[in-house]
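Participant: Can you keep this structure in mind? I'll have questions shortly.
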Protein chains: 4
Amino acid sequence: MHRLAVSLILATAAQVAAAAPDPKLVEDLVAANRILAHEGLLDGWGHVSVRIPGTPNRYLMARNVPAELVEARDILEYDLDSKPVGGGNDALYTERYIHGEVYRARPDVNAVVHTHAPPLIPFGVTGVALKPMYHRAAFVAFGIPVFEIRDTAGMTDMLIRDAKLGRALAGSLADKPAVLMRGHGATVTAPSLPRVVGRTVFLSLNATLQMEAARLGGEPKYLDIEEAKLIEAREGYGLARAWEVWKRKAAAK
Amino acid sequence: MHRLAVSLILATAAQVAAAAPDPKLVEDLVAANRILAHEGLLDGWGHVSVRIPGTPNRYLMARNVPAELVEARDILEYDLDSKPVGGGNDALYTERYIHGEVYRARPDVNAVVHTHAPPLIPFGVTGVALKPMYHRAAFVAFGIPVFEIRDTAGMTDMLIRDAKLGRALAGSLADKPAVLMRGHGATVTAPSLPRVVGRTVFLSLNATLQMEAARLGGEPKYLDIEEAKLIEAREGYGLARAWEVWKRKAAAK
Amino acid sequence: MHRLAVSLILATAAQVAAAAPDPKLVEDLVAANRILAHEGLLDGWGHVSVRIPGTPNRYLMARNVPAELVEARDILEYDLDSKPVGGGNDALYTERYIHGEVYRARPDVNAVVHTHAPPLIPFGVTGVALKPMYHRAAFVAFGIPVFEIRDTAGMTDMLIRDAKLGRALAGSLADKPAVLMRGHGATVTAPSLPRVVGRTVFLSLNATLQMEAARLGGEPKYLDIEEAKLIEAREGYGLARAWEVWKRKAAAK
Amino acid sequence: MHRLAVSLILATAAQVAAAAPDPKLVEDLVAANRILAHEGLLDGWGHVSVRIPGTPNRYLMARNVPAELVEARDILEYDLDSKPVGGGNDALYTERYIHGEVYRARPDVNAVVHTHAPPLIPFGVTGVALKPMYHRAAFVAFGIPVFEIRDTAGMTDMLIRDAKLGRALAGSLADKPAVLMRGHGATVTAPSLPRVVGRTVFLSLNATLQMEAARLGGEPKYLDIEEAKLIEAREGYGLARAWEVWKRKAAAK
């Protein structure tokens, strides 16, 4: 009674306002899971979600399944309290509140990734600011804050276990494209699934390249914020090409 | 007369107290070998073992076979002197004493890995202390000592060739989750097979991330020991998801 | 009416001077796309082209397809204004002007790659000069300039969107084998397809090795320009062997 | 008339003293080529050879074929002047003199690898001495000199094109296990094929680990030469396990 297909039947038959999700959207969400796993950005942990177009208080995300193994039948519909619509007793991701609270705070965001991408960890730990190394990661110019969970909850097991912590994280994120989480990982946002996948890939690559540049010395000349705005204004030009390649690689794996 | 199946028949038929090992445990041990090989943490050298539940003076480990090629029929039962139960004349790992002596000294340990994981080598050589970079490697906060074989045996070929060296290593390990071995590798312990695999994966990744952070500069803010305790208290939450992915990747290899 | 086969028929039947491209050349261009994708030097972005022998004002390049997926039927013929010969309404690479303007400015160049190879980014950003680390990258001794798009066009989205920017890039390249593009990538040239692939591979590897050497310290002894000239004079000796392996790996992918 | 099979028939039928090479030796040499290619230590360039047991003035090596593609039928027999026995007109590796001259100068050497392994290049360029990081690379303790081709021949294209350069390289190697070649690569020797493959793998890994340690700081405690002697005296213990895994991986590729 708790899988997507069933919950949709219930939803249609009953009082729930959610429209049936576009199968194309489910397919893209499955692809996003596979791509991010294939690129080493989601492993046994981490997750990706997408807001349902036209139903801003609902989002889709897998039940408690590792990204690499997610299939269409694992996709559930959640409300902004991060409760599965229609209930059910699937095991869920502990940190699902990240998604609900970011969607609540940020109407411009339609897709969210929570990742433990290794190259981002040293930046969260050292507090050295990420800088935009090149045009694919231009959005870094808008600023990537660091979330310190101790400020909200003192000593914890580092996880975003409830709505309160989710709200605190969304507060650190503010109007930025992503937020690092000290000693934990990062949360990345975008207006669409392909863009959140691209941003996660290139945020991680930017971190690696910035670490490389740090040992070269010289006088770094990062992207100017005006350059970043012009790049972002074109909203992911060429991304369709990359998306096609990523999907193919992930499928061939 | 020396393979597991046969030794078990003998054991059952005769005086040996060992219960027949759970086939699921053998399967998990084979999986642990494959996973660690796939992740580049065991190559032609190194090994993983598991204590037999309910029979604390026995453990399972492969005969002298590289981790990547281990199959169920290669698994032998050993006593805490690291002698195969029921004898036999299989070639054995030279350094099997690591396992027997750690199990003897540490009743809380149920699984042991001996690895040459490359990212750990620079820490053993330089004596720079490993620090907990993020929650997946929280146990690093408990301290990772370095074993110096010269203190026990002067100039050697670096191998743990007998019970005496095994005891010395266990002495350096003390009550910690892992011990680096200068110029050699590391020995990692945990209460279960999935956790020892996870600890080996994340100890190695933590080493890589700490080296990256070292070149970034900034003011590192490692996990606090209280955070580490809270994380460890949940005993590997989410590890079942990672274990599933690791097994699948190793099998698909 | 716009694919290569058709445009060639039109070309043959009508007034266009272009000879039918050698199918071997098309095959090699497809292979170059696949090799560079396989080596991680072209992803969803970037492209490779080849000038048509005997028709110096024409070059071959794919339509707007990611390198990894390029097939013979995607190859179009372009003039030096970077317009497809015979028109057509295929989507095209935005930055095709890189190719046309380099071929116009450099009669000695017969193959061009535009890449976002990650190891090159830190050099473009920091302005630290690339130095020739070893004989496979000897051409680095001739000097690898950095193109600053701000000098020509101020704040932009960093892309070479028109012939004017293409000419500015070719001006920075001057008579050198390659030019880095600050915050963007690089453009690499050579007298042939196998050599431009080899140069892209080894320019990127040279960048990695130079970053490694930077942290070792010591007194670097780079290739002398006389050594580079003697190496280059043999024009890619052994390259046929490497080309064979690269093609095979890319095909087996 | 020039392939191994034929040359052996001629050899048997005629005056040449060479015994027919053991098919097992040819198979191992093919495996060594595949393993080193698979491990990224030989690409389109570089080669591996083995001296024929009982015929110290002969060695086996491929004709001019990239390591990854070498098959048994590509293996030729050479004399110490690096001429194929029985003549023939196969294309040959330009730098075959490395092998002949090392075998001539070093009766204790039975296998030779010439590699461009990337991690070794920064050490040859900077002159920073390789140090033995761990027991698998213990032989580094015996010293790894650097060959400077300018001392013998001034400005060159860096290649060992003749016997004179081969002798100069063997002179730099002296009685050491390997020699770096500035701006070029390295030549590695050992008493057997499995050991020369192991030494090439671990020399390269040692270089990587030493570069990592360089950025960690601390007080490095390398292997003592006495430790290295004790390790080497056991002549590759465990190597048979690694060889089995390497072969399998290379075959499955």
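The values are calculated or read from the model by the stated rules, or taken from the named source; none is laboratory data. Here the structure is a predicted model, which is why all the values come from computation and not from measurement. Methodologically, a virtual Cβ is constructed for each residue, glycine included, from the backbone with ideal geometry; neighbour enumeration extends over all protein chains shown. Note: accessible area is taken over every heavy atom of the protein model, side chains too, but ligands, DNA and RNA are not part of it. Shrake-Rupley method; radii C 1.70, N 1.55, O 1.52, S 1.80 Å.
Participant: Given Cα pairs under 8 Å that are at least 6 residues apart, what percent is the relative contact order of region A:21-164?
Facilitator: 22 percent
Participant: How many square angstrom of accessible surface are buried between D and B, both sides summed, with a 1.4 Å probe and rounding to 100?
Facilitator: Between D and B, the summed buried area is about 3200 Å².
Participant: I would also like to ask the following. Round to the nearest 10 and give me the degree value, 0 to 90, for the angle of helix D:4-13's Cα axis relative to the longest principal axis of chain D.
Facilitator: On a 0 to 90 degree scale, this one is about 50.
Participant: Same structure again: Going 7 Å from Cα along the Cα-Cβ axis for the label, what nanometre distances separate A:Lys24 from the same residue across the other copies?
Facilitator: Label-point distances to the other copies, shortest first: 4.5, 4.6, 6.4 nm.
Participant: Now for a separate question. Taking N as the number of residues in region D:41-114, what is its alpha-carbon radius of gyration divided by 2.2 N^0.38 Å?
Facilitator: So region D:41-114 has a normalised radius of gyration of 1.01.
Participant: How many partner chain Cβ atoms sit within 10 Å of a residue's Cβ in peptide C:149-157, on average, as a whole number?
Facilitator: Taking all residues of C:149-157 together, the mean is 4.
Participant: Also: List the extent of the Cα atoms of region D:102-179 along each of their three principal axes, largest first, rounded to whole Å.
Facilitator: Principal axes ranked by extent give 36, 31, 18 Å for the Cα atoms.
Participant: Here's a follow-up. Largest first and in whole Å, what are the equivalent-ellipsoid semi-axes of the protein assembly as shown based on the Cα gyration tensor, each being the root of 5 times an eigenvalue?
Facilitator: On the way: eigenvalues 382, 382, 139 Å².
For the protein assembly as shown, the ellipsoid semi-axes come out as 44, 44, 26 Å.
Participant: Something else: Bin by bin, in steps of 5 Å, what percent of the Cα pairs in region B:153-253 do you find, going until the bin that has the longest distance?
Facilitator: Reading the bins upward from 0: 2, 9, 15, 18, 18, 15, 13, 7, 2.
Participant: Still on this structure: State log₁₀ I(q)/I(0) for region A:172-212 at q = 0.16, 0.18, 0.24 Å⁻¹ as given by the Debye formula over alpha-carbon point scatterers of equal weight, solvent excluded.
Facilitator: -0.42, -0.53, -0.88
Participant: Additional query: Select from A:Ala228, A:Ala213, A:Ala31 the residue whose mean-square fluctuation is largest in a Gaussian network model of chain A (Cα-Cα springs shorter than 10 Å).
Facilitator: Checking each option, the largest mean-square fluctuation is seen for A:Ala213.
Participant: Give me a single rounded figure for B:238-248: the average over its residues of other chain Cβ atoms within 10 Å of their Cβ.
Facilitator: Across the residues of B:238-248, the mean count of other-chain Cβ atoms within 10 Å is 5.
Participant: Can you list, shortest first and in nm, the gaps between the label point of B:Glu71 and those of its counterparts in the other copies, using a point 7 Å from Cα in the C-beta direction?
Facilitator: 2.8, 2.9, 4.0
Participant: Computing the accessible area with a 1.4 Å probe over protein heavy atoms, can you report the carbon and sulfur percentage for region B:99-253?
Facilitator: 53 percent
Participant: Could you work out the relative contact order of chain B? I mean the mean sequence separation of Cα pairs under 8 Å and 6+ apart, divided by the number of residues, in percent.
Facilitator: 21 percent
Participant: Could you tell me the relative contact order of region B:140-253? Use alpha-carbon pairs under 8 Å, at least six residues apart, and round to a whole percent.
Facilitator: 25 percent
Participant: Now, a different point. Can you return the aspartates and glutamates within cross-link range of B:Lys24? Criterion is Cα-Cα under 14 Å, with same-chain partners fewer than 8 residues away left out.
Facilitator: Cross-link targets: B:Glu71.
Participant: Now for a separate question. Students often forget the sequence filter, so: which lysines lie under 18 Å Cα-Cα from B:Lys83 once same-chain residues fewer than 8 apart are removed?
Facilitator: Leaving aside lysines fewer than 8 places away in the same chain, those within reach of B:Lys83 are B:Lys164.
Participant: Let me test this: with uniform point scatterers at the alpha carbons of chain C, what is the Debye-based log₁₀ I(q)/I(0) at q = 0.08, 0.10 1/Å?
Facilitator: Reported log10 I(q)/I(0), two decimals: -0.30, -0.47.
Participant: If the elastic network links every pair of Cα atoms under 10 Å, which of D:Ala72, D:Ala137, D:Ala186 fluctuates the most in the Gaussian network model of chain D?
Facilitator: Ranking D:Ala72, D:Ala137, D:Ala186 by mean-square fluctuation puts D:Ala72 first.
Participant: Still on this structure, please answer the following. Taking a label point 7 Å from Cα toward Cβ, how far is D:Asp151 from its twins in the other copies, in nm, shortest first?
Facilitator: 4.2, 4.2, 6.0
Participant: Only helical DSSP H runs with n ≥ 4 go in: add -39500 (n - 2.57) per run for chain D, normalise by residue count and round the 222 nm mean residue ellipticity to 500 deg cm²/dmol.
Facilitator: The helix contribution divided over chain D gives -12500 deg cm²/dmol.
Participant: Okay, next question. Using only C-alpha positions, report the orientation-averaged shadow area of the convex hull of region D:13-147, nm², one decimal. Each step should come with its number before you reach the end.
Facilitator: Details: hull surface 36.8 nm².
Mean projected area for region D:13-147: 9.2 nm², to one decimal.
Participant: Leaving out ligands and nucleic acids, note down the accessible area per residue over chain A with a 1.4 angstrom probe, in whole Å².
Facilitator: 35 Å²
Participant: For chain B, take the longest principal axis of its alpha carbons; what is the angle in degrees between that and the long axis of helix B:23-38, to the nearest 10 within 0 to 90?
Facilitator: Approximately 40 degrees, to the nearest 10.
Participant: If you don't mind, there's one more thing I want to ask. Which peptide among D:84-95, B:193-204, B:170-181, A:43-54 comes first, and what is the full order, when sorted by highest mean count of other Cβ atoms within 10 Å?
Facilitator: So the order, starting with the most tightly packed, is B:193-204, A:43-54, B:170-181, D:84-95.
Participant: I'd like the orientation of helix C:193-216 relative to chain C: the angle between its Cα long axis and the longest Cα principal axis, in ° from 0 to 90, rounded to 10.
Facilitator: Orientation of helix C:193-216: about 20 degrees from the principal axis.
Participant: Points 7 angstrom from Cα along the Cβ direction at B:Asp151 and C:Ala72: gap in nanometres?
Facilitator: 6.9 nm
Participant: Let me confirm one metric for peptide B:182-193, namely the mean number of other chain beta-carbon atoms within 10 Å of its residues' beta-carbons.
Facilitator: 2
Participant: Please compute the modelled spin-label separation between C:Glu219 and D:Asn64, points set 7 Å along Cα→Cβ, answer in nm with one decimal.
Facilitator: 3.9 nm
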